[in-house]
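To start, the structure under review is shown below, and the notes come after it.
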Amino acid sequence: MSNSQSKYADVPIRIRSWLIIIVIVSIGLLHHTLTCLLFTLLSFIGFKEFLALEKQKNRAMLYSFVPLSLFQFYTSWENNYVLFIFIVPLYALLLGLLWKRIWIFLIGIFINVWTLGHLAFIPKLLNNQLSGIKLLLFLIILTELNDVFQYLFGKSLGKRKISPFISPNKTKEGLIGAVFSTTIISIPMGLFLIPDKNIFLYLGLGFLISIVGFCGDLFISALKRKANVKDTSNLIPGHGGLLDRMDSLIFISPIFYGLCHLIF
């Protein structure tokens, strides 16, 4: 097998996994209750992966997450953002005091509930449920496309590494190619999903999604490097774990929600 072929050997597996992901997300977006349930389950799985990443085998820490999952589902279903935004960190702080390594519990809840939990609130930013879903799709599709662009540009053109110690596969060429492509493709994506807005809004959101998404990816990569593992789990063939797939959404989700709250 040539070097060129070996570079892209995992592409068919990644594509099959993408198709399954698309089906699951599509089902989850069919109804508000399913949407809330989907992101609550994703938060729970992500927290479980995070504990494994930090080599925490204390089952009580995982079980203590269950009441928070129920609360997350309730607040997103009721669209009670204020209650969610204040109670989640308070719960994390109070319950975290029970564990010796409190920071693990706090970080786990921060990245899996407080940040990613914003995704379930985005559809309710607009009065029309369908328009709200399109707003969420704008974020998710551009974020995932940004990851794809980084992968493709990095594989084909990547030479200069951004952070060899944290993530050896990330290159400047991959980042630049992804930022440019994501920003440009945000225009047709915006015109289709959130029409009648200024073209500079689409460009600004596309650029922001690309840059902040990369930061989330690098953050999870740093955690994996610290744990000396390649993936957060083997849940998704060709991609790794759930956190490997959703890492780019960690930081952009609350920022996107806040901006859209002001704009729309």
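The values are calculated or read from the model by the stated rules, or taken from the named source; none is laboratory data. Keep in mind that this is a model prediction, so the values were computed, not measured. Methodologically, a virtual Cβ is constructed for each residue, glycine included, from the backbone with ideal geometry; neighbour enumeration extends over all protein chains shown. Side chains included, ligands, DNA and RNA excluded: accessible areas come from the protein's heavy atoms. Shrake-Rupley method; radii C 1.70, N 1.55, O 1.52, S 1.80 Å.
May I ask you to derive the relative contact order of segment 38-146, considering only C-alpha pairs under 8 Å and at least 6 residues apart, and to give it as an integer percent?
Details: 79 pairs, mean separation 30.3, N = 109.
In percent, rounded to a whole number, it is 28.
In the complete set of protein chains, residue-level accessible area for residue 44 is approximately 60 Å², probe 1.4 angstrom.
Centre-to-centre, using Cα atoms only, segment 50-106 and segment 165-222 are separated by 29 Å. Estimated purely from DSSP H runs of n ≥ 4, each contributing -39500 (n - 2.57), the mean residue ellipticity at 222 nm for the chain is -23000 deg cm²/dmol once divided by its residues.
Kindly state, to the nearest 0.05, the FRET efficiency for residue 166 paired with residue 11, given R0 = 35 Å and r defined as their beta-carbon distance.
Values: r = 24 Å, r/R0 = 0.70.
The calculated FRET efficiency here is 0.90.
If R0 equals 22 Å, the separation of the Cβ atoms of residue 90 and residue 259 corresponds to a calculated FRET efficiency of about 0.30.
I want to verify the translational diffusion coefficient of segment 180-264 in µm²/s; compute it with Stokes-Einstein, Rh as the Kirkwood radius over Cα pairs, at 10 °C and 1.306 mPa s. Can you show the working numbers first?
Details: Rh = 14.2 Å.
For these conditions, the coefficient is 112 µm²/s.
With 10 Å bins beginning at zero, the pair-distance distribution over Cα atoms of segment 48-151 amounts to 14, 38, 30, 17, 1 %. On the principal axes of its alpha carbon atoms, segment 166-223 extends 41, 21, 14 Å, with the longest extent given first. By a 1.4 Å probe calculation restricted to protein chains, residue 215 has an accessible surface near 70 Å², given to the nearest 10. Over the chain, how many percent of alpha carbon pairs lie in each 5 Å bin up to the one with the longest distance? In order of increasing distance, the bins hold 1, 6, 12, 17, 19, 17, 13, 9, 4, 1, 0, 0 percent. Annotation for segment 67-171: trypsin sites (Lys or Arg not before Pro) lying in DSSP loop with at most 14 further Cβ atoms inside 10 Å of their Cβ are 100, 101, 159, 160.
According to the Cα gyration tensor, what semi-axes, each the square root of 5 times an eigenvalue, does the equivalent ellipsoid of segment 127-200 have, listed from largest to smallest in whole Å? Walk me through the numbers on the way to the answer.
Working: eigenvalues 183, 30, 13 Å².
Working from the Cα gyration tensor, I get semi-axes of 30, 12, 8 Å.
Share of carbon and sulfur in the accessible area of the chain stands at 71%, probe radius 1.4 Å.
Once you have the Cα-Cα distance between residue 41 and residue 127, take 0.36 nm times their residue separation minus that, and quote the gain in nm to one decimal.
Values: separation 86, 0.36 × 86 = 30.96 nm, distance 2.54 nm.
Length difference between fully extended and current span is 28.4 nm.
Mean separation of Cα pairs under 8 Å and 6 or more residues apart, divided by the residue count, gives the chain a relative contact order of 21 percent. Pairs exceeding 30 Å between alpha-carbon atoms, taken from 161/197; 124/197; 172/226; 55/170; 155/224: 161/197. Per residue, the convex hull spanned by the Cα atoms of segment 52-91 measures out at 76 cubic angstrom. Our summary gives segment 115-241 a relative contact order of 21 percent, counting only alpha carbon pairs under 8 angstrom and 6 or more residues apart.
Sorted from largest to smallest, which semi-axis lengths in Å does the alpha carbon gyration tensor of segment 153-194 give for its equivalent ellipsoid, taking the root of 5 times each eigenvalue?
On the way: eigenvalues 149, 18, 8 Å².
Semi-axes, largest first: 27, 10, 6 Å.
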